[in-house]
Every structure is written in structure tokens, then in C-alpha cells.
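See below for the structure under consideration.
The values are calculated or read from the model by the stated rules, or taken from the named source; none is laboratory data. These numbers come from a predicted model, not from an experiment. Cβ: placed from backbone, ideal geometry, glycine included. Neighbour counts: every protein chain shown.
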Amino acid sequence: MTLRTPWPTCTTCQAIPLAFFQNGVINKPHQLWLTFSAFAGSASRGCHTCTLLYEAVREPFKHRLDDEPVHLERATVNSDGTQAVALTVDLASLPNRGTWDESLWKRSDGQQLSFQFVPIADFKYVRDVRDVPQGARAFKGLVSLYAEDDGTFTYIKQSLTNCLANHKTCNRVIFPLSGTASQQDTTVNIVHGNHGPVVAPTRLVYVGSEDSKDPPKLVDGQECLFNGGHLVLSYCWGMTPKDAPWQLTMMTMQQFSTEIPLSNLPQTLHDAIIWTRKLGERYIWIDSMCILQDSKEDWQREASRMASIYGSATMTLVAASSSVYGGMSDRRNPLRNSAASLFLQDGSSKFTIYLLPNGQPRNAPPPPPTDSRGWCYQEDLLSSRLVKVTQKSVLWQCVGDGSNPATRAQGLEQLSKHPPYRWYTLWYRLIERYSNKSLTYPKDRLLAFHGIACDKAGSAYLAGFLKSDPWASLLWCRDENQIRQRPGRRYEEYVAPTWSWASIDAPVLFYEANARHWRKPQLDPSAMDPELRHAEVQSVSFFDTGAVKGGSIEISAYVAITRTASVQPFLFNTRQGAHTYGRRNCVDPLTGEALGLIVFDIALEAKDDMMLCCALLQTADMGLWEKNGTAGLGLALSVQEATSKHLKCTRVGYVQFTSAFGALCHRRCIELS
């Protein structure tokens, strides 16, 4: 008899050698994960085996390891020959070893352990299913049936009642549907509510009741317009199989319209439906259950409506779990409390190993996983009311609640209260924060920000570029403070034109926009200012989702052909070791005179003796920049084609210019793609 875990197991864990679980066999350390952060990431995405192993990692390893490889070892741990399996890390690779307590890799009796590397987690397992503790046998379904404290729901309902009665700003309704979509799509449901036009979601989940004759099911979204509105769930998908029975597809559409069996749902989705019932609401929008996952057209249509779906919702429930399997609060995450069945094979030998829960006490709970996700960031900003669930608390947030300005003050509702240049500053801060978030699919880089863009920037926004503020929106720079964590890379598939911050996988900063925020008075026009002649993008689909397949900007600007060279002599108060990786000086090809400093968009692309076209976009007295001797800011461009009329270029970096640049530059027409 064997028991099979209903949760996924990653391919890395499936490939663990069977020999590590055979008595008497001592093997060399097996590298399980290339880095500890990759191992932690697999656990957060919902691999059952990685989750149990990660929970077993001892403090302080869990919070101090990052790039160190994680190994699997079997060793003798007692004089009587008793053997054990453990996760280990190479002692020599530990950062700042001198700050680590030596007792971490010694036995309680002071003797050195016989593992080759430092053990960080015990691999607690059994081979016989009869040895699996009864409390860890959650193999019959995806959910753990537990009741949340009624006080939680009382708090949420009271907060909502107070908000509806006293916060007019929280009743805003967003209606950013593109004109082309509304002309072509006959299924758009529009009514005029108390605060403007409302777009109902195409589909919603009716949550039903405890009566078996009133089950959850998929319904037309227009129902919510006449029955009190809808909630929205913001959550992390994690390791979701393509054929997951809880996803809406052409095959499951008919069944979902009749009944959505709660037994088919993973913990987070199950909890969301139960929470909606207990809050006295009838409808909830969940992306995986309300968007056809096997229809590209349906997905694009619904993606173009994200701002309306979240902006017009009664409130958004934000789940604490890092995967769809962990639940709303993540306190009783079944992945952490249930044995994982691991099917291993070595030639003709096959065995099932049962990995048992072996969690270690945490110094502090991890930050909410939704805080690091790109889609969740947009959902947060577009929602007037949020219920944020953590392992230890439930937090109400809304735009009109002055008790938590630190979390909502930079929200979209605040942008309209500032003069233009400060409006732009807040806008760019939104992009800076968004660029720090992670996405499962690179193609979503523009799409997951589009709801925010169309809510406030409208038609002036083109794939990360603002036609109403062109130069500041082009003068973004890779965040050099995060060079170790995210050095930057270009996507393998096309995501955005090179002039867009969305074209690279790296956090970005808008230095000029931030400096302009404090500059008084603002800069006067200069004779060397650039001129915007044309800007356009080609959308991926008919529906306005923000995703593009091409784009170009045509400008007239002062340029000079330069050569890259070593960052010595150091310019602008730069010193050795201070972000010199990924930088090069740009110099006069003939004299070698320094003309500026280039910060390459991708650090690995920085090389000596590259011939680049540098274009000046910002001139005059730079205020905050003046003390460093900066005479202007611009872009480093790689020339793809040169004609008598213009240069066709792609962007490679951000430039600070010295005053020497002005003597060599001349005005040219440039087409950026």
C-alpha cells in the first residue's frame, strides 16, 4: 500500500538519487540546488518536498543563506553506526564565516559531525506507509478543513461598514476600457452606478451556501450589478499544473456553470469561497476560475479590464500563502503539516519515501509573498479596499483610512492632488517599485502594469514611455544598489522596445524625475533640448492589454560618437568599488578625453572599445547634480543603421555627461527601437 501526495513535487526533488535512502551506502554530497535562494523559491511555489525541507532548515541559516549551493548528504552520526540524511552547505562558502556561531556545525556533545559539509536541515523520513504519523496523513484531498476565528470576519465587516458610510474616496470606480474593445465586444456589461459607469466582470464565482443544493458555480458577471457587487482574490499561483481541475477551460466550462466542487479546489481558493460566504457576500472574482485558461483571446480581453475588475470591487482579499495550496492565512498550510510521498527509482529498483514534517521555530514570519509579485502590486494599487491576511494578523486598508498613510499614500488616488512635476515623481516611484517585483512570465512585464497606466496616464502612455513627459521617462537607470541580487538581463523573447524600462529584467531608478521633485525653480528651456517628433507602439492584440510586439520613438537631439574606456579617471566623485561593475567612461575616439560616464542597462554588456552614439536629453544647471560636475544626462545607443536622414539605434545605457561633450556634439535625428 502506498499513499500519494495530492500536491506537486518539482523535477529536482523527483531526481533525488534513491541511494541516499539505502542503509549502509555513503555517497558523495549530491548537489540538490544550485543556490539556497532557488531552493527557497521552489518551496514558495508549492513543491511539497521542498516546503517540508525548507521548513526544517535551522535558524539562522534560513535568513542568512542566499547564493550558497544546497547539498544532500548521508553520514554516520553515532558511534553505533546510525546513519542520517541531511541538507548541507559548504562551510567554505558561508558568507562572513567569522560571524557564525561554531556550535551550529557541532554535535551537542561538542564532537564534530561526520558530514562533509555543514548540516542545515534533517531529512526526516520513513519507508513504510504504516510509519507515517496519523496527524501527517492528509492525503485524501487538497484542503485542511479548519474554521477561522469569527472575530476575523466581524472585524472585516465592521471595517467595510465604516468605510462605506464615511469614505467617499473609496467609492471611486475605474473605467479604463479602450475604445476599440468597447466597440467590438458586445459582451461588455455597463451600467451607471452612484459614482459613475461600472463594468461588470464577464464571469464571477457565485459562492453558494452550506446547503448542498446551493453549490458554488460560475455565473454571468452582470448578476453582481443587481446583487451587491463582488469581491476579488489576490494570491500567488505557485506550482499550478496546466491540467489543474480548478482552472476554467473549454472542457470545464459546462461543469463550472452547474457546480464547482469544493473538493476540487486547493486550499487558497477553497478558503476564499468560504471567507466570501462568511462575510455575507455572494460573488468573488478569481482569475484562474473566471478567465478561460486555454483561450488566448479570452485572456487578452479580460486582461484589458483588470483595472475595472479591481477598481469596482467591493474589496480585495489578499492571501498570505506563497502558493495556491497554502490557504488564506497560511497558518495551517497543509503542505507544511502533511507527509510528502517521494517516488524514487534506481535502475529496476523503485521505492516510495515518505518525508515527514519537521518544521523549525521561526524567529519571525516571512514577509507576505504577494508583496514581491508584479501582478499583486497592480492589484493592490487598483483596489480601493484591501483585506491583507498574514500568518499572524488580518489588516484592513482603504484609500480613505488615514490611519495607514504609509501603505496607501503613494496610491493612484493621491496622484491627482499634486502639481504636474510632482505627479510625475509619484508616477515614476510606482514604476521603480513595480520594477522590483517578480513575474513568472516575462511577457507580462508591461501587461501587469497596464491597469495602473491606463487609470492615470491614458493614451499618453506607450509601453513605459510618457509622451507628456518624454525625457524623464527615457532617463531611467538600472538600480546599481542591487547589482548583486539582480544584475540585469535581457529577455529571450520580445517584451518591449529597448528604450523602455520594461525591456530588461532589473529594478530601475529615475534619477532626473526624483531630482526635479525638489528642484526650485524648475529648469528653463535650453537651446540644446531634444525634440520629440514621433512615438508609436504596435500592440500584440486587438484588445488594449499593454503588451506590444514593436515600437519606435523618433527624436532630434545633440549626439556624438564615442568610444568606451575604463572608468579611470573616475568622474562625478565616483570611487573604486562604488558601482564600477557595469560602468564605462565614454571618451573622444581621437583624443581620449572623457565625455561622460555610462551605466550599462545590462552590467555584463559593459566592455572597452565599443563605439556608441551618445544622445543628450537633459541639459542646463542640474541643481542636485551640479556638485558632481554633471553637465547633462542622456542615453548610450548602439547604431544599427545610418542614413543621411537619421540614425536607427537601440538603447544600451544611461549617461552622465561632462561639459566637454558640448564641444563635440551636433544635432541629428534618431529613431529608437
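With respect to being in a strand (DSSP E or B), closer than 28 Å to GLN158 by Cβ, at pLDDT 90 or above and of a type outside the set (A, V, I, L, M), THR276 falls outside the description.
Evaluating SER182 against the criteria (1) modelled with pLDDT of 85 or more; (2) assigned to a helix (DSSP H, G or I) leaves one unmet condition, (1).
Looking at this structure, is ALA636 among the hydrophobic types (A, V, I, L, M, F, W, C), surrounded by 16 or more Cβ atoms within 10 Å (Cβ to Cβ) and in contact with a Cys (Cβ under 8 Å, 6 or more places away or on another chain)? Yes, satisfied. Restricting attention to the range 185-220 and to residues that are of a type in the set (Val, Ile, Thr) and modelled with pLDDT of 50 or more, the residue that is surrounded by the fewest Cβ atoms within 10 Å (Cβ to Cβ) turns out to be VAL219. Residues in the range 580-609 that are among the aliphatic types (A, V, I, L, M) and assigned to a helix (DSSP H, G or I): ALA603, LEU604.
GLY632 - would you say it is more than 29 Å from LEU532 (Cα to Cα) and either more than 33 Å from the chain's Cα centre (by Cα) or at pLDDT below 90 (or both)?
On the way: more than 29 Å from LEU532 (Cα to Cα): no; either more than 33 Å from the chain's Cα centre (by Cα) or at pLDDT below 90 (or both): yes.
So GLY632 fails the test.
Please determine whether any residue of the range 338-354 is in contact with a Phe, Trp or Tyr (Cβ under 6 Å, 6 or more places away or on another chain) and more than 30 Å from GLN22 (Cα to Cα). Scanning the range 338-354, I find no residue that is in contact with a Phe, Trp or Tyr (Cβ under 6 Å, 6 or more places away or on another chain) and more than 30 Å from GLN22 (Cα to Cα), so the answer is no. Of the residues making up the range 291-303, none is at positive phi and surrounded by fewer than 18 Cβ atoms within 10 Å (Cβ to Cβ).
Out of the residues in the range 320-360 that are polar (S, T, N, Q) and more than 32 Å from the chain's Cα centre (by Cα), which is surrounded by the most Cβ atoms within 10 Å (Cβ to Cβ)?
THR352
Within the range 208-241, the only residue that satisfies the criterion of being on the phi > 0 side of the Ramachandran plot and within 19 Å of the chain's Cα centre (by Cα) is GLY238. From the list LEU292, LEU269, LEU248, which residue is within 28 Å of GLN158 (Cβ to Cβ) and either under 23 Å from the mean Cα position of the chain (by Cα) or assigned to a loop (DSSP other than H, G, I, E, B) (or both)? So the residue among LEU292, LEU269, LEU248 that is within 28 Å of GLN158 (Cβ to Cβ) and either under 23 Å from the mean Cα position of the chain (by Cα) or assigned to a loop (DSSP other than H, G, I, E, B) (or both) is LEU269.
Results for (1) touching a Leu at 6+ places or on another chain (Cβ under 7 Å); (2) modelled with pLDDT under 90; (3) more than 19 Å from LEU672 (Cβ to Cβ), shown as yes or no for each residue.
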| residue | (1), (2), (3) |
| --- | --- |
| ARG489 | no, yes, yes |
| TRP501 | no, no, no |
| ILE504 | no, no, no |
| PRO507 | no, no, yes |
| GLU531 | no, no, no |
| PHE542 | no, yes, yes |
